[in-house]
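The values are calculated or read from the model by the stated rules, or taken from the named source; none is laboratory data. Here the structure is a predicted model, which means the values were calculated and not measured. Glycine gets a Cβ as well: all are built from the backbone with ideal geometry, and neighbour counts include every protein chain shown.
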Amino acid sequence: MPDVAKGVYVASNYAYVADYEAGLRIVDVSDPTSPVEVGHYDRASAFQYARDVFVTGHYAYIADRGLYIVDVSNPAAPTEAGYYNFYGYANSVFVVGSYAYVCFGGLNVMDISNPGNPVLINDIYTPSDERNVYVKDGYAYVVGDAGLHVVDVSDPANLTLTGNFYTAGHIVDVAIVGHYAYVADNSLVGIRIVDIADVARPRETSFFYTASSGCRRYLYCRKLRLCSRWQCGSVYSGYPRSRTSYGGKPL
């Protein structure tokens, strides 16, 4: 990558990379042993610091200085379809249906039913410097320097902060499987597994030490992949307390 890869989304045979100052890079990963960049979008007047990307249908949604919507129906020649300016840098984006959920000064809900004209319909303050968001079953799970915050987004016009799980560490990422939230803790160096069966009262069930900061996550089916600066480990989300591995070795 020309710059620092900040986010990645894999769809079909392509990896879409938010490559900071180098914008959006599209990589053919049909042969995992020989990935090849096939397209990019980084015109000078557009991306400044691409930090996250989410892909659905023919569009890639990039968190940058606002929300960029890029048509990737032709991976070799992506084109800008729409843009919303936040007048500041968004940290992450998650898309469900006709809505994009963007972390910028809180949680922002965008109507993207018309990709050429994204519209901000509501926002809500959360008690963190928001770093990431995951949306599932009518709830948005927002993480940042104060922990995990649960927002009811079932009615986008009436957002409600439902529950909080406060931490001393700086949370940088989150993924949801079943009634567990897997949160990457950059300060305490590991991953917290939080029971969210009761969204009003999230509670920690276990902690996984990764021995290095900069923890990020990627969920594939039931396997949670943890990547720190120096090494990777994995936690099998179906068995959050017993089946774990570290550095490729069972614990």
If the requirement is being over 25 Å from ASP19 (Cβ atoms) and among the aromatic types (Phe, Trp, Tyr), which of these qualifies: TYR87, TYR99? TYR99
Mind telling me which of the residues LEU148, LEU120, LEU67 ends up being under 15 Å from ARG51 (Cα atoms) and of a type in the set (A, V, I, L, M, F, W, C)? LEU67
In the range 154-190, what residues are part of a strand (DSSP E or B), over 20 Å from ASN91 (Cα atoms) and of a type in the set (A, V, I, L, M)? VAL177
Exactly one of ASN108, ASN74 is polar (S, T, N, Q) and in a strand (DSSP E or B), and that one is ASN108
Just wondering, is there one or more residues in the range 87-102 that are out of contact with any Phe, Trp or Tyr (no Cβ under 9 Å at 6 or more places or on another chain), surrounded by fewer than 23 Cβ atoms within 10 Å (Cβ to Cβ), in contact (Cβ under 8 Å) with a residue 24 or more places away in the chain and not in a loop (DSSP other than H, G, I, E, B)? yes
Flag for VAL38 being in contact (Cβ under 8 Å) with a residue 12 or more places away in the chain, of a type in the set (A, V, I, L, M, F, W, C) and in contact with a Pro (Cβ under 7 Å, 6 or more places away or on another chain): yes
Where ASP129 falls short, out of the listed (1) in a loop (DSSP other than H, G, I, E, B); (2) crowded, with 16+ Cβ neighbours inside 10 Å: (2)
Which residues, counting only those in the range 12-33, are among the hydrophobic types (A, V, I, L, M, F, W, C) and either at pLDDT 95 or above or assigned to a strand (DSSP E or B) (or both)? ALA15, VAL17, ALA18, LEU24, ILE26, VAL27, VAL29
Which one is surrounded by the fewest Cβ atoms within 10 Å (Cβ to Cβ) among residues in the range 167-189 that are touching a Gly at 6+ places or on another chain (Cβ under 9 Å) and over 15 Å from GLY144 (Cβ atoms)? GLY178
Total residues in the range 34-66, condition crowded, with 23+ Cβ neighbours inside 10 Å, more than 14 Å from PHE94 (Cβ to Cβ) and at pLDDT 95 or above: 0
